[in-house]
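Data first, discussion second: the structure below is written as structure tokens.
The values are calculated or read from the model by the stated rules, or taken from the named source; none is laboratory data. Everything quoted here is computed from the prediction, not taken from an experiment. For neighbour counting, all protein chains shown are included, and Cβ atoms are generated from backbone atoms with ideal geometry for every residue, glycine included.
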Amino acid sequence: MALVPGDRSLSARCVAASFGALAWFAVSLRLYVRLKLVKCFGWDDGLMVLALVFYTVFCACMITASHYGTGKHEANLTHEAIVIALRLWWLCEVFYALASVALKASICLFLLRITVRKFHTLLLYSVMTVTVFTGLVFMLVLLLQCHPISFFWDKDQEGHCVKWSVIIAMSWLWSIFAGICDFTVGILPIFLVKDLQMDIRTKCAVVGILGVACIASSAVIIRMPMLHTFADPDFLWATTDIALWSNIEVGLGIFAGSLAALRPLLRAIHQKSRQYLSEQYANTSRSTDLNKSFKRMPSEQSGTLSRKFGLQDGGVTLTTVHSTGGYLADPSENGSDTALNQLPRIKDSSREYRVQKTFEVTTSGPEGSV
């Protein structure tokens, strides 16, 4: 039999690995914030961890299935490979539904933490209840769509499955409610922070962080036109896009839902950055002021003489000796221009002494000599 060109298995592996790693990174940061910084682990955190566990199984099954048949034409596969790929595809369906339900319940419970108005509380509970109920029904339909269950992946036995039209209808119903839930939790933060005592910049930041959940709804909308491919005879090839966008939907949702809980971490990083910059600025300012203090009196750095001579009888001569360099003036030398770099300066462990000597001489005589 001639091979049918086309292989999208690499896309399935890359998407599952990339978004799986992104989800683990985000949830790890969330757990650090909850357990280390805030020290408060709630139901929303537990459900997010549960969603991550289900999603990890989903990604593992998707990556493994891509090696056997997901993303490939069934005409190019052996019967054994098709059986394994379909079994893994069925597991992907089930764990996708479980991860989605846990994820959306977690996001709703998180928003209930900051909800103060009764209307918003009722709205969140209603959306969460309907979404969880619809998701569980959808999961049960996927789980029990064939009798026996193994008939889904192994047709070499007696059994039957529900019509694909039922699966497509349930997929549409779930997608609609999932989209409503995502848009609700994405838009509601605008109204939640409107009356809070925050400046406008902080409010915008909070709304932006909490509203990232809307991103996940984009994957739901993109996937909707592809749901008809469930009925395609070349199932593993035709449903590749459904598998990709279902994985992206949950991965983005976990990332967005965890990002909303990272504000304490971002605030701590911001405060430490400001503290570090302030310390650096203070050190620079002290160094600059010290340099300026040494430059104000250059004559004091090497030791000089300043003299004033009287030009008439009774005049006064002032001779001042300064020394702050390395040495003091030697008093045994005569004259005002003696070298000032002979005797060591006086200092201890905490102070350095600078010496200033002033001599006053009164002149007499007709020539005004000293």
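Some notes on this structure:
- Residues considered: S165, S171. Of these, the only one that is small (G, A, S), assigned to a helix (DSSP H, G or I), surrounded by 13 or more Cβ atoms within 10 Å (Cβ to Cβ) and in contact (Cβ under 8 Å) with a residue 12 or more places away in the chain is S171.
- Residue count, the range 132-154 (criterion: over 42 Å from the mean Cα position of the chain (by Cα) and either part of a helix (DSSP H, G or I) or surrounded by 15 or more Cβ atoms within 10 Å (Cβ to Cβ) (or both)): 5
- Selected residue (only one of T115, T129 is among the polar types (S, T, N, Q), assigned to a helix (DSSP H, G or I) and under 37 Å from the mean Cα position of the chain (by Cα)): T129
- Any hit, the range 25-48, residues being modelled with pLDDT of 90 or more, touching a helix residue (DSSP H, G or I) at 6+ places or on another chain (Cβ under 8 Å) and under 18 Å from D241 (Cα atoms): no
- With respect to the conditions (1) under 26 Å from the mean Cα position of the chain (by Cα); (2) surrounded by fewer than 18 Cβ atoms within 10 Å (Cβ to Cβ); (3) without any contact (Cβ under 8 Å) to a residue 60 or more places away in the chain, A102 falls short on a single one, namely (2).
- Of the residues making up the range 113-136, just one is among the hydrophobic types (A, V, I, L, M, F, W, C) and in contact with a Phe, Trp or Tyr (Cβ under 8 Å, 6 or more places away or on another chain), namely V130.
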